[in-house]
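Presented below is the structure to which this report refers.
The values are calculated or read from the model by the stated rules, or taken from the named source; none is laboratory data. A quick note: this is a predicted structure, and the numbers were derived from the prediction, not measured. With ideal geometry, Cβ positions are generated from the backbone for all residues, glycine too; neighbour counts draw on all protein chains shown. Please note that ligands, DNA and RNA were not included when accessible areas were found on the heavy atoms of the full protein model with its side chains. Shrake-Rupley method; radii C 1.70, N 1.55, O 1.52, S 1.80 Å.
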2 protein chains.
Amino acid sequence: MTRPPRTRPTLEEVAARAGVGRGTASRVINGGDKVSARARQAVEEAIEELGYVPNAAARALVTRRTNTVALVIAESEERVFGEPFFAGTIRGIGTALNEADRQLVLLFAQASARRGDLEQYLTRQHVDGVLLLSLHDDDELPDRIRAHGLPVVVGGRPSGGSAVGYVDVDNVQGAELAVAHLVERGRQRIATIAGPADMVAGSSRLQGYVEGLAAADRTLDERLVARGDFGQASGEQAMHALLDRVPDLDAVFCANDLMAAGALRALSDAGRRVPEDVAVVGFEDAPIAASTTPPLTTVHQSPEDMGRAMVEMLLASSTVPAEAPAGRMLSTHLVVRATT
Amino acid sequence: MTRPPRTRPTLEEVAARAGVGRGTASRVINGGDKVSARARQAVEEAIEELGYVPNAAARALVTRRTNTVALVIAESEERVFGEPFFAGTIRGIGTALNEADRQLVLLFAQASARRGDLEQYLTRQHVDGVLLLSLHDDDELPDRIRAHGLPVVVGGRPSGGSAVGYVDVDNVQGAELAVAHLVERGRQRIATIAGPADMVAGSSRLQGYVEGLAAADRTLDERLVARGDFGQASGEQAMHALLDRVPDLDAVFCANDLMAAGALRALSDAGRRVPEDVAVVGFEDAPIAASTTPPLTTVHQSPEDMGRAMVEMLLASSTVPAEAPAGRMLSTHLVVRATT
DNA sequence: GTGAGCAGTGGGAACGCTCCCACATCCACG
DNA sequence: CGTGGATGTGGGAGCGTTCCCACTGCTCAC
C-alpha cells in the first residue's frame, strides 16, 4: 500500500532532453500547431528514447476531462452474456466511441452493496459521461448521476418520469409494421402474444398492435390478446391458449422472437401449417429468427445502431450541456422470411 | 472540448466549513486514526452538506495508485458473450476485486488498429494492474504491458515463453481423473476426442489422457485418438470416425463438453447405448453438461475460482513486485452423472 | 525607418489531493 | 514541577500536467 517509486519519465525530462521548454514539449504531444519542425522532431525523438507516456491523472486534474465513457449494465453477468442484444449494443457503442477517440469502460451494476461503489467511481471524475443499459423500473441511478453533473444517456425508454436522455427502438412503429404486413397478406383474425405489461417493450409493442389494427379499420378483439414473459415457454403456452379460445385465427404477432419460436412449436403440435393456416411475425430479428422452422418473419431492430445513437447523444449533450434531455426513437423495418 | 467549469467542492472547502485544516479533513476521509471525535463529526457534516466527492485524478496523481484493475479480453464481443465460461470468470474476478476494494474496468482488445489505444490506456496510469483473458498464441500484449512496469496476470497458460504470471485449470490432472474413472468402471477400450493441438487446453488434456492410461498400465492405441475443434459438430464427426475404426470401444473421453454432446448424438445415431455400451466423459462442466441425454459425467472446472485466483495473484504481485512471475494450476474434480 | 503582427518559445501558476513535518496539548510519571 | 511520550492538528511541498501570458525575433506594410 505504499506509494510505488516513480520510474517513468516526466514531460519535464522529455523537454530537457530535447533541449526545449516544457510548454513546447506539451504542444508537440497534444498536436498543437505553432511548433517549429526542428523542435517537434527533437521532442519526438526524446519521447521515443525515454519511452515517455503521459500521466493521465495529471492531465485529467487540470483539464477536468478523461476522454473516457462508462457503460453501466444493470444486469447480472449471466443474463448479459446470454443475450446477443447486449453484444450488439456494446459493439455499436465501442466503435462509435472509438471513432470519437474515447475510451470505453464497462461496469456492472450489481446488487445494492456494490451500488455505492459504482456511484462513487462514476462520480469521482473517472469518466466524462455515462451510458446506462437495461435499467429496471424506477431505478434512481440515472438521476443520481445527473445530479453530480455527469451527462447520462439511457438505452431503452425509462418508464418512470426520469428526466434523462434516452435512445430506444420505436416499438410502436415496429408493431404497426408487423400488423400492416399481416393485413396486407389478407389475414383476417390477427392475434398477438404480448410481453409483460410492466416493461416498456411489452406495453409499447401491444400498443403498436392495437394502433395497427385501428389503422386497418379492424376492431380489437380481446380474446385475440395473450400475454407472455418474453420466454420461449411462455410463447408456447400462450399460443395454445389462443388456439383454444379462437380456433380459426389465421395470424399472430409475437412481441419477441423467442416467444414466436415457442408459438411455432405450439402451432406445429396443434397440426397447423405455417404460413398456410397461420402466419407468424416476431420482433427483434435475433439470431434465432433465422433458424426457426420455418425461418421467422420479424421486425428488425439493430442493437448496433442503438449503441451508436446512445454515444452520439451523449457526446452531443456534453458539448451543449444546457439542452434539455430528449428521447430518440430508432425506426425498425420488416424482414420477411417464411412464416408469412 | 473546452475545460468544464469547476462546480464541485474541494477538500479545502470542506475543511474550511468544518473549521479544521486540510490535513485533518483528509484524515477523516481516508479513515485515518488520530482524529478527535469532534473534528471527525464536523468534517463528516461538512462533506454531507457540500456533497463533497474526492477527485480521483488528484488523488491518483500523488499516490500513484488508482485502485482500479483492468480486465482485457482478447476476443470479439460475439464470442465473449456466447461462452458462459467468460461470464463465470468475470464474476469471480468482480467479486474478488470488490472484496479487495478495487474497481474493475472491462476492456476489449479488438483488431490491431485499436491495440495502440488500449496499450496507451493501460500504461497511462489509469489502472494499477492488468488481467488478460483469452490470449491468442504469442500475443505480445502481456510482455509489452509488463515492460511498462504494470503487474499482469494471464488467465490460461500462455503457450509461448512469455514470462508473465498465469492461472490455469490443471488440464492434465483433470484428464487423468477422467481416465482413472473410466478404468475404475471397468472399461477396456478407452478412446479420446482431443482438442486442437495448437491450443494449450487441447494438448494438455490429451497429455492427461495418455498419462492416465499409463498410470493404469494400459498401452496407448493411436487408433483410439481422434481430433476435434471443440465444436459440437466436430465431436459428432470424430465419434463416427472412432466407431468406424474401433467398433468395440467401450468408453470415450472428450476434451470438452460440447464435443461430448456431439459424441452422444453420434452414439445414439449408431445405436449404441450410453453408458451400457459406451461410457462418455466430458471436460468443463458447462451448463450443457446437465442437459444432455443422458446427463454428462464430466470434469468440473470453476471459472469463478479461476477469476478469483487471477485477482489474488495480481494483488500479491503488486505488493511483492520483485517476485518472479509464476503459474498456478487449479485442480479439478469429477462430476459423475449418467454417462458412465 | 518604424511599428504592427505573427510564428515560436519558456516557464509560472494552478489543478486538488496526500504526505509529512513541525507544533500544540495533555497526561502520567519520577 | 519538570520531562517525555502519546494524541491531535495545520499547512507547506510536491505530484505531472495544461493553460496562458510574456517575451523574442522576424517579416512586411506604410
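Computed FRET efficiency, Cβ-Cβ of residue A:101 and residue B:233, R0 60 Å: what is it to the nearest 0.05?
On the way: r = 42 Å, r/R0 = 0.70.
Step by step, r from the Cβ atoms, then E = 0.90.
With 10 Å bins beginning at zero, the pair-distance distribution over Cα atoms of the stretch A:37-76 amounts to 23, 26, 31, 12, 7, 1 %. Based on Cα atoms of the stretch B:11-54, Rg over Rh with Rh as the Kirkwood radius reads 0.90. The stretch between residue A:67 and residue A:290 holds 76.4 nm of extra length on full extension. This uses 0.36 nm per residue minus the Cα-Cα distance. With the label put 7 angstrom out from Cα along the Cα-to-Cβ vector, residue B:276 ends up 4.0 nm from the copy partners, going from closest to farthest.
Annotation: amide H-H contacts under 5 Å for residue B:327 (H modelled 1.01 Å from N, sequence separation of 5 or more, or interchain): B:166.
Applying both filters, DSSP loop and at most 15 other Cβ atoms within 10 Å, to the GluC sites (Glu not before Pro) of the stretch A:222-314 gives A:276. The distance separating the Cα centre of the stretch A:233-278 from that of the stretch B:241-261 comes to 40 Å. In plain terms, chain B is cut at each of the trypsin sites (Lys or Arg not before Pro) found in a DSSP loop with at most 14 other Cβ atoms within 10 Å, and the longest leftover piece is B:35-272.
Roughly how big is the B-A contact, given as buried accessible area in Å² (both sides, 1.4 Å probe, nearest 100)?
Its buried surface, counting both partners, is about 4600 Å².
Principal axis analysis of the Cα atoms in the protein assembly as shown yields extents of 80, 79, 60 Å, listed in decreasing size. Reported value for the stretch B:162-241: 111 Å³ per residue, from the convex hull of its C-alpha atoms.
With the biggest extent put first, the Cα atoms of the stretch B:171-300 measure 32, 28, 23 Å across the principal axes.
Would you please state the base-10 log of I(q)/I(0) at q = 0.16 1/Å for chain B, with intensities from the Debye formula using one equal scatterer on every alpha carbon? Result of the Debye calculation: -1.25.
Applying 1/(1 + (r/R0)^6) with r as the Cβ-Cβ distance of residue A:138 and residue B:138 and R0 = 60 angstrom yields a FRET efficiency of 0.75. Among the complete DSSP H segments of chain A, which ones combine at least 15 Å of alpha-carbon extent along their axis with a mean Kyte-Doolittle hydropathy of 0.0 or more? Taking the DSSP H segments of chain A (at least 15 Å long, mean hydropathy at least 0.0), we get A:84-99, A:171-184, A:200-215, A:257-269, A:303-319.
Based on the Cβ-Cβ distance from residue B:211 to residue A:78, what FRET efficiency comes out when R0 is 35 Å, to the nearest 0.05? Approximately 0.50, to the nearest 0.05. Modelled label positions at residue B:245 and residue B:37, each set 7 Å beyond Cα in the direction of Cβ, lie 7.9 nm from each other.
Of the solvent-accessible surface of the stretch A:68-178, computed with a 1.4 Å probe over protein heavy atoms with every protein chain present, carbon and sulfur atoms account for 46 percent. Globularity index of the stretch A:273-340 is 1.61 (Cα radius of gyration / 2.2 N^0.38 Å, N = number of residues). For the stretch B:48-193, the Cβ-based charge dipole about the Cα centre amounts to some 160 debye (Lys, Arg positive; Asp, Glu negative; other atoms uncharged). Evaluate the distance, in nm, between pseudo-label points positioned 7 Å from the Cα of residue A:218 and of residue B:7 along their respective Cα→Cβ axes. The two pseudo-label positions are separated by 4.9 nm. Taking the charge dipole of the stretch B:171-300 about its Cα centre, with +1 at Lys and Arg Cβ atoms and -1 at Asp and Glu Cβ atoms, the residue from B:180, B:293, B:195 reaching farthest to the positive side is B:293.
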